[in-house]
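Below is one structure; the comments refer to it alone.
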Amino acid sequence: MSTLTVTRRTRLSTVVLILLAPILIALIAAPWWAGRADLRLMGEIALYMSLATLWNLLAGYAGLVSVGQQAYVGLGGYLFFALTMLAGIDPYVALPLAALAGAVIAAPVAVLIFRLRGAYFAIGTWVMAEVFRLSFAQVSALGGGSGTSLSASIVRGMADGRAAREAMAWWLALGVAVLVIGAVVLFLRSRQGVALTAIRDNEVAARSLGIDIWRSKFIVYVVVGGLTTLVGCLIFLQKLRISPDAAFSVNDWTAFVIFIVVIGGIGTIEGPIIGTLVFFALRETMADLGTLYLIALGLVAIVIMLKAPRGLWGFLRDRYNIEIFPLSRRVTGLNKGA
Amino acid sequence: MSAILELNGVSKAFGAVVVADDQSWTLDKGEAMGVIGPNGAGKTTMFNLVTGNLAADAGVIRLNGETISKWPAARRCRAGIARSFQVPQPFAHMTVFENAYVAATQGAGLSSVQADKLCLDVLERTGLLEKSNVKAGGLTLLERKRLELSRALCAKPSVLLLDEIAGGLTEHECHALIQTIKDVRETGVSIVWIEHVVHALLAVVDRLIVIDFGKKIAEGAPEAIMQSDAVREIYLGLDADA
């Protein structure tokens, strides 16, 4: 019995961990091997992967089903434009500053909407996002309802030449995706993260075992708010133009993200990553078909919900008992045969 | 001996239905107390009031002399009150080990390394060690009840509230359970145990209270209580005067 140990590693997770470094190096080197259009697409994929991972932490783990995360995407975009153009702050300083501001703003919002439960909470988050949208439409310095463009001097100031700028945009997007996924994995592995997983499964038991549920959810909401704001900055740095309707679009920043997480597998780390890849594969192959593309998206969602209600990854995991990111704590050394 | 847990005039009603009626009792340090009463008498409700899963309408609950009546459930657990649920409430998508780990890190506030050690130790004692890597949702009812006990123990309680954990066990399993609870008691944990399997209860507890219609109707040494008219009336339907 003295040989019992607790570990998180599985054979698959070790293999993936070893593969991770070369994959990451290849991705960092993308500006040298990928075309301009590909680089832009990969940047978009990285940012959507971040949004999906964050929404999954919120809805899949903390049980906070928000349909208003566009509030923070838009906030990020506007904060980045305001900080750089109006306040004259260096773009690289503006990014962390905006993320911090997003978290600070998320705190009172959380206090307010946490009074709502279930469907009412979801509606409340949407209303919040609308409040944000209408507020920014009032700011004439940022173009009011018609929006504004990022001034060329700021864009030029970020890197010399077009190629360098595009490489920089990709590195920032990749960096944020790695930061977000890494932070979520580390968080879920921590004691606090295990507590959050427990809340996901059973709130009554979690409360009775000493977990402060409100506090756990509050921390998650605020951190997700801050990081979503950061992703928002990069989305609009890539677009170079912002308007209230684009910044606070429930379709682009929440509906598609929910689709990604649900088909990939809610409540798993791998789900949003796989979901993002499936979503972009569908979009890139079918976007020319116009309306048919949206019908296909709907069909995919329906088929997956009927055949694999826990998403693609949930289905694979339940079937083969696998895990790429090592989260589970397993006891090894049990005498199975004896 | 000094009191570790004390209820004074605790009441709770849902509309016109009184589920706890002016309950007062104390639990001494290191003591094991049994609770009996018919189904629906308010025994589990009493636990819910002590753990904070329900808020009392009136009365005071004290732990080690400190008033905890207004504390949320999580804080009461961290202060040393742990319970098992009559209807098991597992974290279904987490493994047995992780279920215990949550209690050890949150309820007992242990570091990860300390928690690993405690969980393995407790799971061995409750006979669930072999099931460590099984998802709790895949356990049988009896295993789920053992998981309830394991989790409560991993929270390192000073007061352990057990809610019907012996039902459905074979003679041999019941004997093992009694031994486990006696061992827990040896470590200085005070116990309140709701149980319909009276012989298991009598093997462990020093004192019994009887609850009916939310009221404490009798209290005393187990043998005397089991012989009392009040209990005979409740369980056997005898007229107290007969």
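The values are calculated or read from the model by the stated rules, or taken from the named source; none is laboratory data. Note that this is a predicted model, so its numbers are computed, not measured. Positions of Cβ are generated from backbone atoms using ideal geometry, with glycine treated the same way; all protein chains shown enter the neighbour counts. The area values use the complete protein model at the heavy-atom level, side chains included, leaving out ligands, DNA and RNA. Shrake-Rupley method; radii C 1.70, N 1.55, O 1.52, S 1.80 Å.
Things to note:
- Projecting the Cα positions of B:His196, B:Gln114, B:Pro157 onto the charge dipole of the range B:95-232 (unit charges on Cβ atoms of Lys, Arg, Asp and Glu, taken about the Cα centre) puts B:Gln114 furthest along the positive direction.
- Summing Cβ point charges (Lys, Arg +1; Asp, Glu -1) relative to the Cα centre of the protein assembly as shown gives a dipole of roughly 1740 debye.
- The range B:83-156: relative contact order in percent, alpha carbon pairs under 8 Å with at least 6 residues between: 53 percent
- Hypothetical label at A:Asp318: residues of the range A:113-140 whose amide nitrogen lies under 15 Å (7 Å Cα-Cβ projection): none
- In sequence order, calculated HN-Hα J values of the range B:14-28 (Karplus, 6.51, -1.76, 1.60; Hz; x Gly/Pro): 9, x, 8, 8, 8, 9, 9, 10, 6, 7, 9, 6, 10, 10, 7
- Violating pairs (Cα-Cα greater than 30 angstrom) within the set A:Lys217/B:Lys182; B:Lys131/B:Lys182; B:Lys12/B:Lys182; B:Lys12/B:Lys117: A:Lys217/B:Lys182; B:Lys12/B:Lys182; B:Lys12/B:Lys117
- 14 Å cut-off, amide nitrogen to a point 7 angstrom out along A:Leu289 Cα→Cβ, residues in the range A:25-49: none
- For the range B:106-121, heavy-atom accessible area (probe 1.4 Å) falls by no less than 30 Å² from the chain alone to the full protein assembly at B:Gln106, B:Asp116, B:Leu120.
- Global form of the range A:228-319, assessed from the alpha-carbon gyration tensor, a/c cut-off 1.5: oblate
- For chain B: rounded, prolate or oblate by the Cα gyration tensor [a/c cutoff 1.5]: prolate
- Within 10 Å of the Cβ of each residue in B:216-226, the mean number of Cβ atoms contributed by other protein chains is 0.
- Threshold 10 Å², the range B:69-84 residues less accessible with all protein chains present than alone (1.4 Å probe): B:Ala73, B:Ala74, B:Cys77, B:Arg78, B:Arg83
- Apportionment of accessible area to carbon and sulfur, the range A:67-163, percent (1.4 Å): 68 percent
- Residues of the range B:129-153 whose accessible area (probe 1.4 Å, heavy atoms of protein chains only) drops by at least 30 Å² once all protein chains are present, relative to their chain alone: B:Leu129, B:Glu130, B:Asn133.
- Contact order relative to length of the range A:37-250, as percent, for alpha carbon pairs under 8 angstrom and 6 or more apart: 45 percent
- Spatial separation of Cα centroids for the range A:261-298 and the range A:1-44, in angstrom: 21 Å
- Helix axis angle, B:141-154 relative to chain B longest principal axis, alpha carbon, degrees: 80 degrees
- Here the range B:83-156 is treated with +1 on each Lys and Arg Cβ and -1 on each Asp and Glu Cβ, and its dipole about the Cα centre works out to around 200 debye.
- Note on the range A:37-250: Rg/Rh from Cα positions, Kirkwood definition for Rh, rounded to two decimals, is 1.00.
- Over all directions, the projected convex hull of the C-alpha atoms in the protein assembly as shown averages 31.9 nm² in area.
- Residue among B:Glu66, B:Glu164, B:Glu143 with the largest mean-square fluctuation in a Gaussian network model of chain B, springs linking Cα atoms under 10 Å: B:Glu66
- Carbon/sulfur fraction of accessible area - the range A:207-338, other protein chains in place, 1.4 Å, %: 66 percent
- Accessible area buried at the B-A interface, both sides summed, 1.4 Å probe (Å², nearest 100): 2800 Å²
- Between 0 and 90 degrees, the angle of helix B:112-125 with respect to the longest Cα principal axis of chain B falls at about 60 degrees.
- Taking a ≥ b ≥ c as the square roots of the eigenvalues of the alpha-carbon gyration tensor, the range B:83-156 is classed prolate because a/c is 1.5 or more and a/b outweighs b/c.
- Taking the protein heavy atoms of the range B:83-156 in the context of the full set of protein chains, the accessible area attributed to carbon and sulfur is 54 percent at 1.4 Å.
- Probing with 1.4 Å while keeping every protein chain in the model, the per residue accessible area of the protein assembly as shown equals 44 Å².
- The range B:133-151 residues near the modelled B:Thr187 label - backbone nitrogen below 13 Å, point 7 Å along Cα→Cβ: B:149-151
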